[in-house]
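Each value in this text was obtained by applying a stated rule to the coordinates, not by laboratory testing. Just so it is clear, the structure is predicted and the values come from calculations on it, not from any experiment. Counting neighbours? That spans all protein chains shown, and the Cβs are built from the backbone with ideal geometry, glycine included.
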Amino acid sequence: MSSSTFVNKKQSLSLEHLESEMKTFDVEVNDYVKWHHYGGIDEGWVYFKCDEYITIEVGIKPKPYCNLVKNVLHCNDHILVVCHSQYWDELEYIKTRKSKHETEECFVRTISIDRPSSHG
């Protein structure tokens with residue numbers, strides 16, 4: 001067996017192991033998730049959910065004028081990634097926060113691992 005064949009089988013086993021370790025769950029707003037897709041990972045807080053897709057907040061950037069104006073409700077630009085419902089089985093649940101205004105207090109909720117895959 002050539003070393004390249006061995007490496008490819010090893011990588012394949014790692015991918016299979018990763019997929020078997022991922023738990024499917026009913027994703028909710030304020031869940032922190034990792035989305036394993038296209039050989040990469042996007043991770044962040046679920047910011048919005050509807051039947052067709054969720055948005056995952058992968059970053060925030062302060063708005064410059066908020067430094068000058070006080071008592072502004074929306075002082076950050078949110079960098080969001082769209083994840084359509086057929087890919088929700090590629091999400092890994094990490095933790096949950098009580099609200100989008102919480103920065104420290106998080107908890108792990110009980111999730112069901114019996115949800116069937118939505119795509120093949």
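See the values below:
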quantity	calculated
Amide H within-cut-off set for Lys63, under 5 Å, with H built and near neighbours excluded	Asn76, Asp77
Cut-off 14 Å between beta-carbons: net charge of the residues surrounding Asn76, Lys and Arg +1, Asp and Glu -1	+1
Amide H contacts under 5 Å for His37, placed H, 5+ residues apart	Asp42
